[in-house]
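In what follows, a single structure is set out as structure tokens and then discussed.
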Amino acid sequence: MDNSLKEILWNQFGASIDMLINVIASSPEGYNESNKRFYYIAYHSAIFLDYYLTIPQNDFSQFLPFTFKEKDVRPKEAIDDLVPDKIYSKQEIIEFLKLSRLKCRALIESLSIEKLTERFKAGDDPKDMDYPILEILLYNMRHTQHHAAQLNMYIRNDFDQHMEWSFRAGDINNADILK
């Protein structure tokens, strides 16, 4: 696979991850506790970023453990049936996102024509995800950016604070959060 295509894909996917890390890092201390919806979106984003980067899926491990819960027993702020086993700190989520950022970059750098023919398959039901690697990467980037935008909206509405836009991976002025 052409290195320039890998570089473009990394620049944009990395920028999405950077924006997610930045908005979580920029949230005030205690905000996860006072705004549970923000917390659950941040957690969900981190878990699924890693999950969609795990190929094959049976290699997925719960770095920040969770339990699947039915709708009637999960917190009302939860955005899906995947509920964290505890309230993880902002720093724990950020550290996990940093690991996923490295994992993403390594996956993109390892891409080859042969690798692109592999599939991300999340079950055997016809409605389950069954995507080529390039498509799951693009899906994952869109998912990450979608939730980063939601979290940005919370910070903007609650604190009138504007989060920096990232044009490419590593260009946010707050780049020390990525180390």
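The values are calculated or read from the model by the stated rules, or taken from the named source; none is laboratory data. Please read these numbers as outputs of a predicted model, since none were measured by experiment. Note that we place each Cβ from the backbone using ideal geometry, even for glycine, and neighbour counts take in every protein chain shown.
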### Query
Does the range 103-146 hold any residues that are exposed (fewer than 15 other Cβ atoms within 10 Å of the Cβ) and of a type in the set (S, T, N, Q), and which are they?
SER110, SER112, THR117
### Message
Where the second residue is surrounded by 15 or more Cβ atoms within 10 Å (Cβ to Cβ) and at pLDDT 90 or above and the first is farther than 19 Å from TRP10 by Cβ and among the basic types (Lys, Arg) and lies in the range 122-137, which pairs have Cβ atoms under 6 Å and are six or more apart or on separate chains?
### Response
none
### Message
Residues that are in contact (Cβ under 8 Å) with a residue 60 or more places away in the chain and farther than 18 Å from ASN152 by Cβ: does the range 74-95 have at least one?
### Response
no
### Query
Only one of these conditions is not met by LYS71: (1) in contact (Cβ under 8 Å) with a residue 12 or more places away in the chain; (2) under 19 Å from TYR39 (Cα atoms). Which number is it?
(1)
### Query
Just wondering, is there one or more residues in the range 31-50 that are out of contact with any Phe, Trp or Tyr (no Cβ under 9 Å at 6 or more places or on another chain), charged (D, E, K, R) and either touching a residue at least 24 places away in the same chain (Cβ under 8 Å) or surrounded by fewer than 17 Cβ atoms within 10 Å (Cβ to Cβ) (or both)?
yes
### Message
Consider the range 128-145. How many of its residues are assigned to a helix (DSSP H, G or I) and charged (D, E, K, R)?
### Response
2
### Message
Restricting to the range 129-178, name every residue that is under 17 Å from the mean Cα position of the chain (by Cα) and among the charged types (D, E, K, R).
### Response
GLU135, ARG142, ARG168
### Task
Considering only the range 37-127, give the strands (runs of 3 or more DSSP E) lying wholly within it that have at least 1 residues that are among the charged types (D, E, K, R), at pLDDT below 95 and out of contact with any helix residue (DSSP H, G or I) (no Cβ under 7 Å at 6 or more places or on another chain).
119-121
### Message
The conditions are (1) in contact with a Leu (Cβ under 9 Å, 6 or more places away or on another chain); (2) closer than 16 Å to ASP50 by Cβ, and MET129 fails exactly one of them. Which is it?
### Response
(1)
